[in-house]
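Asker: Shown below is the structure under consideration.
Any read-out appearing in this document is the output of simple, stated calculations on the displayed coordinates, not a laboratory observation. Because the structure is predicted, anything quoted here is derived from the model rather than measured. Cβ placement follows ideal geometry from the backbone for every residue including glycine, while neighbour counts extend to all protein chains displayed.
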Amino acid sequence: MNEKLSIIREEALAAVKAASSTAELNDIRVRVLGKKGELTAILRSMGSLAPEDRPKVGQMVNEARAEIESAVEARTAALAAQERDARLKAEALDVTIPGKKRPLGKLHPLTQTYYEMRDIFVGMGFTVAEGPEVEYDKYNFTMLNIPKDHPARDMQDTFYVNDDIVLRTHTSPVQVRTMLSQKPPIRIISPGRVYRSDDVDATHSPIFNQIEGLVIDKGVTMADLRGVLDVFAKELYGEHTKTRLRPSYFPFTEPSAEVDLSCMACGGKGCRICKGSGWIEILGSGMVNPKVLEMCGIDPEVYSGFAFGIGIDRVCNAKFGISDIRLLYENDLRFLSQF
Ligand code: DAH
């Protein structure tokens with residue numbers, strides 16, 4: 001019995017020493033000290049010993065158990081520390097490695113230009129009104145005093161959805177919608193995409209962008225139109241910018257004017273951007289035709305107003321020195337990332 005005990009003890013201690021993982025140590029603990037373990041088996045077999053030998057053997061078993069237990073414990077602690085070190089080493093992060101550079105997104109040059117223009121008008125007390133891109137013929141044409149036989153109604157210019165519905169050819173129908181839904185005083189701008197069935201070239205695109213403006217109140221005159229556009233021009237292109245009104249014709253305004261701004265690139269001397277003229281044509285405008293006011297339920301004897309429609313694309317191209325409108329719609333990142 002004595003010998004058997006010391007073999008168990010020696011073997012167990014040797015196994016503990018050789019164990020290379022906490023899992024292995026646990027196996028040893030179960031095999032030697034567990035309920036069905038080798039030492040326990042000896043305790044159980046004590047009944048067959050002479051009664052006088054029992055206390056001695058019992059004591060020896062207990063000593064062996066204590067010794068093996070503390071060896072397992074010590075080795076477990078050592079291995080656990082080793083395992084933790086190894087894990088920490090494997091999981092270590094090198095915080096000095098530079099991060100991956102993500103490209104920064106930017107607003108499209110048209111959007112940048114629109115925001116700048118919008119902020120100038122909002123600064124003068126305008127609010128922003130929205131209208132649909134798929135529009136009633138009635139709002140796009142008829143109520144803007146564009147009669148049935150007007151060239152703007154030609155199938156060549158207009159995308160018809162059906163007899164009554166078009167893709168709006170300008171933002172002017174938002175004037176009609178606003179006058180039908182609001183009472184004067186009115187002071188709105190309305191931005192958005194417009195559509196014309198033009199062939200694509202450097203200066204034409206079937207989709208482009210406008211900002212419509214409309215002011216209706218008592219006693220509004222052409223001088224107010226001029227003043228607003230002058231402030232707009234100076235804020236947009238700088239204090240030295242000049243505004244030039246040229247007589248023109250639009251069915252929905254009377255009188256009408258086209259407005260040029262002195263070229264911001266050359267200051268009016270003539271350059272590539274203004275095609276040598278020193279001026280950039282950016283908008284149509286005029287005093288709202290009394291017929292239009294009447295059709296929209298506003299009494300032209302009491303109220304008057306002015307309106308304008310600015311080409312955002314033109315302003316954008318002049319601002320950034322872009323000479324081909326197609327570039328704005330191709331979504332080529334090599335181009336867009338320059339702005
Ligand atoms: N709607 C015109 C166009 O697309 C631009 C325009 C001219 C708008 C005069 C106006 C205006 O509001 O008064 O060519």
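Asker: Once every Cα of segment 2-90 carries one equal point scatterer and solvent is ignored, give the base-10 log of I(q)/I(0) from the Debye formula at q = 0.23 Å⁻¹, two decimals.
Answerer: -1.07
Asker: Same structure again: Average projected area of the Cα convex hull of segment 122-175, in nm²? Please list the in-between numbers first.
Answerer: Numbers: hull surface 16.8 nm².
Average projection, Cα convex hull of segment 122-175: 4.2 nm².
Asker: Let me ask something else about it. How much mean residue ellipticity at 222 nm does the chain get from its helices, if each DSSP H run of length 4 or more adds -39500 (n - 2.57) and you divide by all residues, to the nearest 500 deg cm²/dmol? If you can, show how the numbers build up before the last one.
Answerer: Working: 11 runs with 137 residues, N = 339.
That calculation yields -12500 deg cm²/dmol at 222 nm.
Asker: Let me ask something else. For the charge dipole of the chain, defined by +1 on Lys and Arg C-beta atoms and -1 on Asp and Glu C-beta atoms about the Cα centroid, which residue among SER6, GLN112, THR40 has the Cα displaced farthest towards the positive pole?
Answerer: Of the listed residues, the answer is SER6.
Asker: Okay, next question. Length gain on complete extension for the stretch GLU330 to ALA202, per 0.36 nm per residue less the alpha carbon to alpha carbon distance?
Answerer: Values: separation 128, 0.36 × 128 = 46.08 nm, distance 1.24 nm.
Roughly 44.8 nm would be gained on extension.
Asker: Continuing with the same structure: Using only the alpha-carbon atoms of segment 264-304 as identical scatterers, what base-10 log of I(q)/I(0) does the Debye formula give at q = 0.15, 0.30, 0.35 Å⁻¹?
Answerer: Reported log10 I(q)/I(0), two decimals: -0.53, -0.94, -1.04.
Asker: Tell me, in nm to one decimal, what length is gained between ALA265 and GLU73 on full extension, where the rule is 0.36 nm per residue of separation less the Cα-Cα distance?
Answerer: Length gained, ALA265 through GLU73: 60.7 nm.
Asker: Take every Cα pair under 8 Å in the chain that's 6+ residues apart, average their separations, divide by the length, and report that relative contact order as a whole percent.
Answerer: Value for the chain: 14 percent.
Asker: Expressed in whole Å with the largest first, what are the equivalent ellipsoid semi-axes of the chain derived from the C-alpha gyration tensor as the square root of 5 times each eigenvalue? Walk me through the numbers on the way to the answer.
Answerer: Values: eigenvalues 1763, 118, 69 Å².
Calculated on Cα positions only, the semi-axes equal 94, 24, 19 Å.
Asker: Given labels modelled 7 Å from the Cα in the Cβ direction, how far is it in nm from ALA66 to ASP27?
Answerer: Placing both labels 7 Å beyond Cα along the Cβ direction yields 3.0 nm.
Asker: Over segment 2-90, how many pairs of lysines fall under 25 Å by alpha carbon, counting only those 8 or more apart in sequence or from different chains?
Answerer: Value for segment 2-90: 9.
Asker: Nearest 10 degrees, 0 to 90: what angle lies between the long axis of helix 2-18 and the longest principal axis of the chain (Cα atoms)?
Answerer: For 2-18 against the chain, the angle is about 30 degrees.
Asker: State the volume of the convex hull built on the alpha-carbon positions of segment 93-155, expressed per residue in Å³ and rounded to an integer.
Answerer: 231
Asker: Cross-link partners among aspartates and glutamates for LYS138, C-alpha distance below 13 Å, same-chain residues fewer than 8 apart left out?
Answerer: ASP163, ASP164
Asker: Taking segment 1-151, how much of its Cα-Cα pair set, in percent, is spaced more than 26 angstrom apart? Can you show the working numbers first?
Answerer: Numbers: 7295 of 11325 pairs.
Considering segment 1-151, 64 percent of its Cα-Cα pairs are separated by more than 26 Å.
Asker: Loop-only GluC sites (Glu not before Pro) in segment 204-311, please: DSSP not H, G, I, E or B, and at most 14 other Cβ atoms within 10 Å.
Answerer: Those satisfying the criteria are GLU239, GLU301.
Asker: I've got another one for you. If R₀ is 56 angstrom, what is the calculated FRET efficiency for the pair TYR160 and LYS101, using the beta carbon separation as r and rounding to 0.05?
Answerer: The pair TYR160/LYS101 has a calculated efficiency of 0.70.
Asker: Pull up the DSSP beta bridges for the chain and report the antiparallel fraction as a percent, rounded to 5. The partial results should precede the final answer.
Answerer: Working: 43 of 45 bridges.
About 95 percent, rounded to the nearest 5.
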